[in-house]
Each structure stands twice: as structure tokens, then as C-alpha cells.
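The values are calculated or read from the model by the stated rules, or taken from the named source; none is laboratory data. As the structure is a computational prediction, the values presented were derived from the model and not from experiment. Ideal geometry is used to build each Cβ from the backbone, glycine not excepted, and the neighbour counts take in all protein chains shown. When the accessible area is computed, the model is the full protein with side chains, heavy atoms only, and any ligands, DNA or RNA have been set aside. Shrake-Rupley method; radii C 1.70, N 1.55, O 1.52, S 1.80 Å.
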Amino acid sequence: MIVGHFFLAFSLVGLFALYKGWEKDKCLKMALAAGMFALLPDIDIIYAWKEILTLFNTGFYGFTESFWAASQSVHRGVTHSLIALLSAVIAFTIYHKTRSKYLAAGITSLAGITGFLTQSVLTGVILALFMATGFYITHRLESISLSEFSLVSGIGLLLHPFGDLFTGTPPQLLYPSSFSFVESRLVFFTDPVLNLFAVYGIELSLVWVSLLVYSKIDERSVKLNLNRFSILGLAYIFFAEVIRQPTLSTSYQFVSSVIITGLAVVFILRKVEEDKNYFSWIVNFVAVMSLSSAAYLIYYLV
């Protein structure tokens with residue numbers, strides 16, 4: 001759901017910007033900024049990248065399994081707490097108004113020290129990096145008003161934890177309090193494969209909505225950029241037999257194979273059609289991913 005956070009925030013703020021009738025550059029800047037803030041809580045996952053060392057011993061899929069296992073030790077903790085995220089929104093908003101680098105440095109240091117004293121060095125580093133990155137994003141948004149910034153950062157950060165209720169371990173929404181609204185992730189289907197496709201379908205839908213919002217802002221057409229070669233995504237059904245049944249915890253093989261299929265069709269577009277339109281590449285890449293996923297789902301159900 002990591003990329004889903006970005007596309008949800010991008011779509012919501014982009015639609016709001018269109019409703020307000022803002023100029024194209026401002027619409028895109030606001031939507032992109034919301035998307036970047038929406039990704040920020042997942043900065044805690046950098047700890048798990050130490051598992052890259054296992055890539056040479058266990059291969060790609062062994063790496064992905066150890067990566068996600070390691071990420072659970074720190075992921076979805078303090079950076080996914082509504083209390084911490086609301087505090088971050090307030091801190092970033094104050095910095096946006098004052099532009100005080102001393103304030104940013106002080107809050108970043110305080111966050112790091114608090115994380116170190118209350119939990120561990122790792123938590124301190126992650127909190128400091130979280131705040132420093134947030135202040136950097138804020139610094140790049142000096143051209144928008146204070147209310148606009150509050151909207152962008154609030155939507156991006158505060159919606160993030162709720163998207164994680166559908167995958168993995170639910171975030172600690174009221175951390176440091178142990179009280180939790182949800183004890184386990186929300187499940188659409190008892191069948192793990194169908195449940196994965198329900199969540200994956202939501203994510204793909206958010207990508208399509210984002211493309212439509214972007215096309216509206218940039219005055220492009222998604223429909224006119226679809227290419228006949230995108231239908232090749234349906235050919236994925238012939239390879240479905242060799243793909244291990246994907247679930248939320250073992251989806252890497254399926255997702256990576258669908259991405260490779262999409263990239264292959266984009267390569268055809270570039271070489272055969274001589275298509276140099278990046279928006280067309282993206283539209284057809286997502287179309288191929290969607291059709292490939294539909295092909296596997298048909299194979300599974302039949």
C-alpha cells in the first residue's frame with residue numbers, strides 16, 4: 001500500500017485544486033506535495049534495507065521476505081501515530097510561517113533525542129530523519145499560503161495510517177498509548193488470494209484516479225493515450241500456472257512479474273511505435289498491469 005498512500009493524497013488534493021480553479025503549476029505542486037507527505041511516515045522502513053545483504057545468499061524473493069520481516073520491528077510505530085503525525089503537521093506549519101531554521105533544527109534534534117531516550121537509537125534516528133525530511137519538503141513549499149500548506153500536509157500525513165489498516169500489522173494509531181481501535185487488519189475475503197486482489201484493486205484504482213486527475217490538470221487524455229499493445233497484458237494468463245499463489249504476505253513474485261510485463265510493453269511502445277510520450281508510457285504501463293492482474297484473477301477463479 002506504500003504507493004497507494006501517494007496516489008490517494010495526490011488525487012484528493014488534485015481534485016480540490018481543480019475545484020478551486022487554481023492554475024496548472026499550482027495544482028500539480030499541491031498534489032505532488034500531498035503525495036510526498038503521504039509517503040513520509042513510511043520512512044521508518046529504511047531500517048529494513050540492511051537486509052539487502054541477504055540478496056546475494058537467498059535471492060530476490062528471499063530478500064523480500066527477510067526485508068518485510070525486519071521492517072516489522074520498527075514499522076507502523078511512532079511515525080504512524082495520529083498523535084505524532086498531528087504534532088508533525090503543527091511543527092511543519094509553524095516552520096512554514098516562521099521559516100526559522102533554528103526551530104527546525106531544534107525540533108528535529110528533540111524528536112531524535114526523545115526517540116532515543118524512550119525506545120532506542122534506531123527510533124531516535126528514524127524520528128530525526130522523519131522530521132528533517134518533513135522540514136525539507138515544507139521548505140520547498142514557501143510559495144503556497146499557510147492554509148494551503150496545512151491542507152496539503154494534513155491530508156498527506158493524517159490519512160496515511162488508515163490506508164495501512166488493510167495490509168500487514170495495523171498501525172498503532174494512538175502511540176505511545178497501547179489503546180487500539182483495530183486489533184487486526186481489515187479483511188475483505190477469507191480467501192487470502194481474493195483478499196489480496198481486493199486490496200490490490202483498490203491500489204490500482206487509486207493509480208487510475210490519479211492519472212485521470214493529472215490528465216485533467218495537464219489537459220491530456222487518458223483514453224487517447226491508450227495503445228493497442230496494452231492488450232498484451234491479457235497474455236499473462238498463460239504464465240499464471242508458474243506464479244505462486246499471491247497473498248498479502250507473499251505477493252512479491254506476482255507483483256514483480258506484473259511490473260515486468262508492463263515494462264516490456266512500454267519497451268515495445270518505444271521501439272515499435274516510436275512513442276516518446278512519457279504520459280502514454282505510464283498510461284499503458286498501468287493498463288498492462290491492470291489487464292495482467294485481471295488475467296491472473298480469471299485463471300484463479302476458473
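The rows are residues; the columns are (1) among the polar types (S, T, N, Q); (2) open to solvent by 40 Å² or more (accessible area, probe 1.4 Å); (3) closer than 13 Å to VAL78 by Cβ.
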{"residue": "THR93", "(1), (2), (3)": "yes, no, no"}
{"residue": "LYS97", "(1), (2), (3)": "no, yes, no"}
{"residue": "TYR102", "(1), (2), (3)": "no, yes, no"}
{"residue": "ALA111", "(1), (2), (3)": "no, no, yes"}
{"residue": "PHE116", "(1), (2), (3)": "no, yes, yes"}
{"residue": "LEU122", "(1), (2), (3)": "no, yes, yes"}
{"residue": "ALA128", "(1), (2), (3)": "no, no, yes"}
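With the condition being open to solvent by 60 Å² or more (accessible area, probe 1.4 Å) and in contact (Cβ under 8 Å) with a residue 60 or more places away in the chain, I'd like the helices (runs of 4 or more DSSP H) fully within segment 192-293 carrying at least 3 qualifying residues.
192-217
Being touching a Gly at 6+ places or on another chain (Cβ under 9 Å) and either open to solvent by 70 Å² or more (accessible area, probe 1.4 Å) or modelled with pLDDT under 90 (or both) is the requirement here; does MET36 meet it?
Yes, satisfied.
Between residues in segment 78-107 that are closer than 18 Å to ALA38 by Cβ and residues that are open to solvent by less than 20 Å² (accessible area, probe 1.4 Å) and of a type in the set (Phe, Trp, Tyr), which pairs lie under 7 Å by C-beta distance while being six or more apart or on different chains?
THR79/PHE130; PHE92/PHE135; THR93/PHE149; HIS96/PHE149
Checking the structure you have, find out if any residue of segment 220-237 is over 20 Å from TRP281 (Cβ atoms) and over 19 Å from the mean Cα position of the chain (by Cα).
Checking segment 220-237: at least one residue is over 20 Å from TRP281 (Cβ atoms) and over 19 Å from the mean Cα position of the chain (by Cα).
Looking at segment 142-161, is at least one residue over 29 Å from LEU32 (Cβ atoms) and open to solvent by 10 Å² or more (accessible area, probe 1.4 Å)? Don't jump to the end; show me each part of the working.
Just the residues of segment 142-161 that are over 29 Å from LEU32 (Cβ atoms), to begin with: none.
Within segment 142-161 (the criterion being over 29 Å from LEU32 (Cβ atoms) and open to solvent by 10 Å² or more (accessible area, probe 1.4 Å)), the answer is no, since none of the residues qualifies.
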